[in-house]
Amino acid sequence: MAALSSHVPDPRLMTAMAEHGDGLLHRVNPWTKVAILGALVLAVTIIDGVALLVGLYAAVFVAYLTAGLPVRRLLGWYSLPVLFVVSIGGPLLVMEPGTPIGPVLATPLGGLSVTIEGARLVVELAARSMAVVTFVLATTMTTPYADVATVVDRLLPRPVDQVALLTYRFTFVMLETLEDLVDAARSRGATLSAFWSNRRVYARMLGMTMITAIERSERLVAAMEARGYDGSIAMTSEIPRPPLAELVVVAATYLLVGGYAVATGAFL
């Protein structure tokens with residue numbers, strides 16, 4: 001979606017990098033990536049402490065770098081998760097009791113100040129979110145579509161897997177439609193930089209995108225049914241078993257996370 005915004009992940013760029021890239025993560029077995037993702041989600045859920053969480057994020061970011069993936073694009077794509085962190089973590093800066101940082105602002109409800117404990121919570125939340133987002137983006141940009149579809153087909157129940165596969169394919173149609181509408185609006189003199197002054201233009205574009213998407217989806221279903229589609233996209237490709245070295249890494253990762261949980265009593 002580079003033509004629309006640099007702050008939204010571009011599925012076409014990500015697919016191209018996954019299909020034609022040859023970095024370190026491209027050679028890792030897809031099942032290994034899924035297993036590591038599960039361990040990462042478990043880790044960011046149970047780990048406490050700024051140092052550990054920041055270190056975990058740093059490790060994921062280094063893995064992203066070693067895969068040869070675009071860092072500048074990643075920084076732009078961080079806009080959405082950063083917005084999520086700010087919307088949730090912002091109030092924590094002043095609502096979390098603790099040692100004030102700087103002056104205390106007197107209000108009718110009491111004194112308000114950014115606290116060390118609040119800042120620590122925000123940093124922890126940011127590290128948790130960014131670690132998972134970075135790893136998911138890296139996995140998407142280093143795994144070919146055929147392998148992604150096979151993993152989805154094996155892991156998700158029906159019809160959830162079919163919905164996921166069709167949604168991914170139809171995303172590109174939606175992007176083309178939206179970009180055509182944006183180009184048409186700009187050619188007629190519309191400036192889309194200010195949202196509020198162009199809210200009617202945005203509303204019309206959104207409405208036309210939905211209408212066009214429904215029409216195209218109906219034609220797509222008719223074309224698929226004419227070619228024998230019966231509600232199931234069968235995946236015939238097979239993913240080989242991960243090599244022994246990757247299995248050892250996965251086992252060590254879960255042992256580390258499990259050992260931390262036992263040592264800290266995270267599950268108690």
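Which of rounded, prolate or oblate describes the chain when judged by the alpha-carbon gyration tensor and an a/c cut-off of 1.5?
oblate
Quick one: with all protein chains in place, what share of the accessible area of segment 11-144 is carbon or sulfur, to the nearest percent (1.4 Å probe)?
After summing per-atom areas, the C and S share lands at 75 percent.
First select every other residue whose beta carbon is under 11 angstrom from the beta carbon of MET208; then total the charges, Lys and Arg +1, Asp and Glu -1.
In short, -1.
Give me the 1.4 Å probe accessible area per residue for the chain, excluding ligands and nucleic acids, in Å².
Heavy-atom accessible area per residue stands at 59 Å².
May I ask for the net charge around GLU19, where only other residues with Cβ less than 12 Å from the Cβ of GLU19 are counted and Lys, Arg are +1 while Asp, Glu are -1?
The answer is -1.
Helix-only estimate, please: 222 nm mean residue ellipticity of the chain, summing -39500 (n - 2.57) across DSSP H runs of length 4 or more and dividing by its residues, to the nearest 500.
After summing the helix terms and dividing by the residues of the chain, the value is -23000 deg cm²/dmol.
All other residues with a Cβ under 12 Å from the Cβ of LEU121 taken together, and with Lys, Arg as +1 and Asp, Glu as -1, what is their net charge?
My count for the surroundings of LEU121 gives -2.
For the chain, what are the DSSP H helices with axial Cα length of 18 Å or more and mean Kyte-Doolittle hydropathy of at least 1.0?
30-46, 50-66, 79-95, 116-140, 244-264
Report the semi-axes of the equivalent ellipsoid for segment 11-144 in whole Å, largest first, where each axis is √(5λ) for an eigenvalue λ of the Cα gyration tensor.
They are 36, 15, 11 Å, listed from largest to smallest.
The values are calculated or read from the model by the stated rules, or taken from the named source; none is laboratory data. Please read all numbers here as calculations on a predicted model, not as lab measurements. FYI the Cβ positions are ideal-geometry reconstructions off the backbone, even for glycines, and counts take in every protein chain you see. When the accessible area is computed, the model is the full protein with side chains, heavy atoms only, and any ligands, DNA or RNA have been set aside. Shrake-Rupley method; radii C 1.70, N 1.55, O 1.52, S 1.80 Å.
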